[in-house]
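Trainee: Sharing a structure below in structure tokens format, with a few things to ask.
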Amino acid sequence: MPSAGDGIGIDPLDDLPCGVLTADAKGLILQANSTFCEWTGYRADELIGQRHFQDFLAMGGRIFYQTNLAPLLVMQGSIAEVKLDLQHRDKSAVPIVFNAKRFQRDGGWFLKLTAFIARDRDRYERELLLSRKKLEGAVEEATRLKKESQDRALFAEQMIGIVSHDLRNPLSAIRLGLQLLEKKGVASGQSATLSKVHRAADRATQLINDLLDFTSARIGSGLAVHLEPVELHDIVGHAVEELALAFPGHHIAHVRTGAGTAQADAHRLTQAIGNLVANAASYGDPGRDITVTTSIDVSGWRVAVHNWGPPIPPEAQQRLFTPMVRGVAEGSAHRNVGLGLYIVNELAKAHGGQLKLTSTEELGTTFEFGARGPST
């Protein structure tokens with residue numbers, strides 16, 4: 001193979017699987033092995049003394065060589081693992097990684113360059129870059145969808161809170177009107193109608209309270225409770241008496257176990273019992289008792305509501321405390337938006353416990369919640 005610069009004493013190293021070049025300080029090729037010739041598509045005599053190494057770089061590579069690599073070679077004497085594309089004679093690109101070293105011989109400065117084909121590395125980097133772009137796009141889309149979903153949920157929950165709050169005013173007006181009518185006196189036939197309107201207003205009020213609690217639990221800091229020593233048996237007993245009037249078609253029994261006071265919120269306890277009894281009345285066997293049990297002992301206090309009837313399927317139990325889940329028939333008088341058990345569960349958490357459920361054909365269905373800690 002023709003070569004130049006033999007006085008430098010550098011072999012062309014034709015048998016190496018990498019391109020080997022010797023060039024002067026300006027990059028003019030003085031020696032080139034056959035591997036480099038093959039990669040560029042030129043014979044050795046077309047390269048040696050005729051072309052510069054940087055001539056085989058694309059425009060961007062040439063600029064990078066002149067402005068960065070050449071000055072760096074002068075300053076530090078070598079560069080390593082620089083990835084660029086060589087241009088073949090047929091204008092195709094050959095990805096390479098090359099190292100270069102600057103050395104002095106016979107009073108002049110020269111460059112020794114070795115190049116390695118980087119097609120596999122280039123393919124891997126491109127695939128990696130493509131995968132990264134796809135992943136970034138997927139993450140960006142998932143983030144957008146998540147934010148959109150959160151914004152919609154927040155808007156819906158805020159609207160529920162606003163509408164529920166504003167509905168209290170017309171309901172208050174309805175209640176006041178009912179009271180005025182009762183004071184003035186009504187005919188016997190009208191009394192039954194007023195009672196129905198009262199019950200409808202009560203159900204609407206309970207629904208509004210549930211919606212407000214739902215909004216507070218979802219977008220606030222949870223349901224607020226005021227814990228203080230309370231007479232558990234008495235509070236639940238009064239609630240059971242009122243519920244017996246609200247559900248005249250069901251017999252509601254109250255069983256008391258133990259004695260003492262419990263750290264609880266009396267108002268929230270009444271609310272929780274009301275929701276659980278309403279649930280029992282909607283789903284349970286109307287011909288059998290609904291039993292409310294209150295227990296106090298050294299380990300804490302508990303409230304349980306039991307009813308007989310078809311057991312709740314295991315798959316339904318997994319999502320029963322999720323908001324908007326309900327199983328009341330379309331024609332039920334006690335059908336609601338499915339917030340009762342969700343709210344009771346949140347109230348149980350606020351008291352330091354959780355709502356538990358057992359439901360079988362033999363034992364019936366029981367919802368129980370309470371709190372640990374010594375009772376007084």
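Values in this text are rule-based calculations from the coordinates and carry no lab data. Note that the structure is predicted; figures quoted are calculated from it, not measured. Cβ coordinates were reconstructed from backbone atoms using ideal geometry, including for glycine residues, and neighbour counts include every protein chain displayed.
Trainee: Let me check against my output: what whole-number percent is the relative contact order of the chain, with C-alpha pairs under 8 Å and at least 6 apart?
Mentor: Contact order relative to length: 10 percent.
Trainee: Using Cβ contacts closer than 10 Å as the measure, can you line up Arg43, Arg132, Arg51 from fewest to most?
Mentor: In order of increasing Cβ crowding within 10 Å: Arg132, Arg43, Arg51.
Trainee: Can you give the local net charge around Leu178? Use residues other than it whose beta-carbon is closer than 15 angstrom to its beta-carbon, Lys and Arg +1, Asp and Glu -1.
Mentor: +4
Trainee: Name the lysines eligible as straight-distance cross-link partners of Lys196: C-alpha to C-alpha under 22 Å, and not fewer than 8 places from it in the same chain.
Mentor: Qualifying lysines at Cα under 22 Å: Lys183, Lys184.
Trainee: Also, I was wondering about something else. Most exposed first by the Cβ proxy, i.e. fewest other Cβ within 10 Å, how do Tyr283, Tyr65 rank?
Mentor: Final ranking by Cβ density, sparse to dense: Tyr283, Tyr65.
Trainee: Test of understanding: in a Gaussian network model of the chain with alpha carbons linked when under 10 Å, which of Leu223, Leu176, Leu69 would top the mean-square fluctuation ranking?
Mentor: Top of the fluctuation ranking is Leu69.
Trainee: Ranked from highest to lowest mean number of other Cβ atoms within 10 Å per residue, what is the order of the peptides 199-206, 344-351?
Mentor: On the way: 199-206: 14.9, 344-351: 22.5.
Descending mean neighbour count gives 344-351, 199-206.
Trainee: Of Lys91/Lys134; Lys83/Lys112; Lys26/Lys112, which sit over 20 Å apart, Cα to Cα?
Mentor: Beyond 20 Å between Cα atoms: Lys91/Lys134.
Trainee: For the residues Lys356, Lys134, what sequence is obtained by ranking on other C-beta atoms within 10 Å, fewest first?
Mentor: Values: Lys356 14, Lys134 10.
In increasing order of surrounding Cβ atoms, one gets Lys134, Lys356.
Trainee: Around Gly353, with a cut-off of 14 angstrom between Cβ atoms, what is the net charge of the other residues, counting Lys and Arg +1 and Asp and Glu -1?
Mentor: Numbers: positive: Arg268, Arg302, Lys349, Lys356, Arg372; negative: Asp265, Glu346, Glu368.
Overall, the nearby charge balance is +2.
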